[in-house]
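What follows is a single structure, written as C-alpha cells, with notes after it.
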C-alpha cells in the first residue's frame, strides 16, 4: 500500500507537481504573455480546433462502424472488428510516416487527390487526417459494448407500437447511446489534442499555419526556453483535466440513466 | 381453417430488427471504406515502402549498426519498464480491488492520468526535474549522474506513459473475483505470500498477461515522451521509433520503413495475441474447469 503510493508519487505526482512549480517562477503577466503570444495562440487554436473537427468525424464514422459491426453480418466482419484497434497498437511514429507517404503528392492517395486540386500532406488537412486516424478506436470501443447490451425487446416494443424503423433508431436506440457516444468523442478529442508522433510528419510544421501545440513545446525546449514550454504545457494539462472530469461525469450519468440489469 | 382477422398491423419480422437492404449495404460499405482507407492502407504502405527496393535492401537496412543498437536499446527499455510496471501494477490493483480506503477514487484517477497527458508533456516533466536548469539538475551534475539524454531518462519517461496498462487490466478482474478465495486460504493457514502466489496469481494470470502485452507494445513504440528526453545521440540514445524519425527526415525511406515494419509487426502480433486473450478472459467469466 505505502509502496504503491511511494512509487506513484515518484513516477507521476512529483513530475507533475514539478511542472506546476516551474510555472510559479513566472509572474502572471509573463505567463499570460507567453500563452497569448501569436504563435502560441495559433498553435493552441490549430491543436484544439482540428482535434474537435477530427473527433466530430470520428463520432459519425465511429457510429457507422459500430452499427455495421454489431448489427450486421458480412464477410470479414471479425477482421474489421480487430483492425479497429490498429491505431492504438501502431507506434505513432510509424503511423506518422505511413500517413505522410500515403498522402504525399506522389502517394497512393495523395496523387489522385492532387489531381482534384486537394493537397493533404504538409497542410492543416494532413493534421486533420492524422487526428482522425488516431481517434478511430475511441468512439467504436466505447459505444460497441453499450449497443451490444441494448435490449432488442425495446426495439420490438417500439415497432409493435407502430414506430417506423427510422423512428425506432433515432428516438429509441440513439438516445440510449448518447453518453457512450459523448465519452468516445471526448476521449478521441483528448487524444488528438496531445498527439505528437503521428501528426508531426504530415503536418508541414509551419509556424502559425500547421504547427501543433505539442510541437511548439518541443521547439521551445530545444531553444532552452523552458518557461515558454512549461506555460504551454500547463494550458494543455488543464484542458485534459477538464476533459477527464467531463468523461467521469458522463460515465456517472450513463450509469444512472440505464440501470444495470 | 380460417383464423380471425388480426386487426393490428404486425410488421414483417425483418423490418423490426434491421434496416432496408439498401441502407444496410450503404452502412457496411461506408464502414469498410473508412477502415480500409484510414487503417489498412497506412499499414500496407509501411510494408510496401520497406520492400520497395527489394528484400536485400530491407535486410541490409536492418543490419546497420545504428539499427541494431536502436533495437537493443528498445528491448532494454521495454524490459525495464514492463517489469517495474508489472510489479507495481499488481500491487496497485491489489490495493484498489481488495481494500477500502479513503482517496481510492483519487488513486484511480492518478493511475489513469498518463493516458490523458500529451506524450510531449510526459517527457517535459522529466526535463524540468533532471535537466540542466531543472530542480535536481545542478545536484546531478555535481555528482556526475546522467539521467537525461541517457538510458535512465528514457526508462523513466517510458515507465510514466505505460504506467496505467497493468493496473487497468487487473482492477476490474480482481474486483469481480472479490476476496473470498483469499480469505479461505488465509483461514486455512496459508501465509500472505503463499496466498498471493497460489490463489491470487493463478486467478489473474490472463488479465496480467493482457496488461503486460499492451504495456510492452506501448513501451517499445513510445515516441513523443522518449523523443523529448533522449537527446537523439546516434547509436546511443536512439530507440527504434526515434531512429524511424531520423532516417525519414534524412530521406532514407527504405531504411526508415524497414525499422517501422518491425514495429508494425510488433503491433500486429500484439493485436492477435490480444484478441486471443480477450476470448480467454471472456471464457474466464463462466465457472472455471480445473
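Each reported figure results from applying straightforward, stated rules to the coordinates on display, with no laboratory input. Small disclaimer: the values here were computed from a predicted structure and weren't measured. Here the Cβ is made from the backbone with ideal geometry for all residues, glycine too, and neighbour counts use every protein chain on show.
Considering only alpha-carbon pairs that sit under 8 angstrom and 6 or more positions apart, the relative contact order computed for chain B is 28 percent. Helix-only arithmetic for chain A: the sum of -39500 (n - 2.57) across DSSP H runs with n ≥ 4, divided by the residue total, places the mean residue ellipticity at 222 nm at -24000 deg cm²/dmol. Helix A:213-222 and the long axis of chain A differ in direction by around 30°, with both axes built from C-alpha atoms.
Percent of C-alpha pairs per 10 Å bin in the protein assembly as shown, short distances first: 3, 16, 26, 26, 17, 8, 2, 1, 0, 0, 0. For the stretch B:135-155, backbone nitrogen atoms closer than 16 Å to the point 7 Å from residue B:83 Cα along Cα-to-C-beta are found at B:152, B:155. In chain B, helical runs assigned H by DSSP with n ≥ 4 each contribute -39500 (n - 2.57); averaged across all residues and rounded to the nearest 500, the mean residue ellipticity at 222 nm is -23500 deg cm²/dmol. Take the Cα of residue A:178, step 7 Å toward its Cβ, do the same at residue B:209, and the gap between the two points is 4.3 nm. Residues considered: B:168, B:234, B:279. Largest GNM mean-square fluctuation over chain B, using C-alpha springs under 10 Å, is found at B:279.
Potential lengthening of the chain between residue B:176 and residue B:91 amounts to 28.9 nm, from the contour at 0.36 nm per residue minus the alpha-carbon distance. Based on the Kirkwood approach, the hydrodynamic radius assigned to the stretch B:60-145 is 16.5 Å, with every pair of different Cα atoms included.
With r defined as the distance between the Cβ atoms of residue B:75 and residue B:109 and R0 fixed at 41 Å, what FRET efficiency is calculated, to the nearest 0.05? Given R0 = 41 Å and the Cβ-Cβ separation, E is 0.80. Compared with the dominant principal axis of the Cα atoms in chain A, helix A:174-194 is inclined by about 20°. For an R0 of 30 angstrom, estimate the FRET efficiency from the Cβ-Cβ distance between residue A:166 and residue A:118 and round to the nearest 0.05. Here the calculated transfer efficiency is 0.35. Computed from label points 7 Å out along Cα-Cβ, the spacing between residue B:187 and residue B:283 is 3.2 nm. Going by a ≥ b ≥ c, the root eigenvalues of the Cα gyration tensor, does chain A fall in the rounded group (a/c under 1.5), the prolate group (a/b larger than b/c) or the oblate group? Verdict is oblate for chain A.
Here each label is just a point 7 Å from Cα along the line to Cβ, and for residue B:273 and residue B:136 those points are 3.1 nm apart. Distance between the C-alpha centres of the stretch B:179-236 and the stretch A:84-146: 32 Å, rounded to the whole angstrom. If you fit an axis through the alpha-carbon atoms of helix A:226-257 and take the longest principal axis of the Cα set of chain A, what angle between them do you get, 0 to 90°, nearest 10? So the helix axis and the longest Cα principal axis differ by about 20 degrees.
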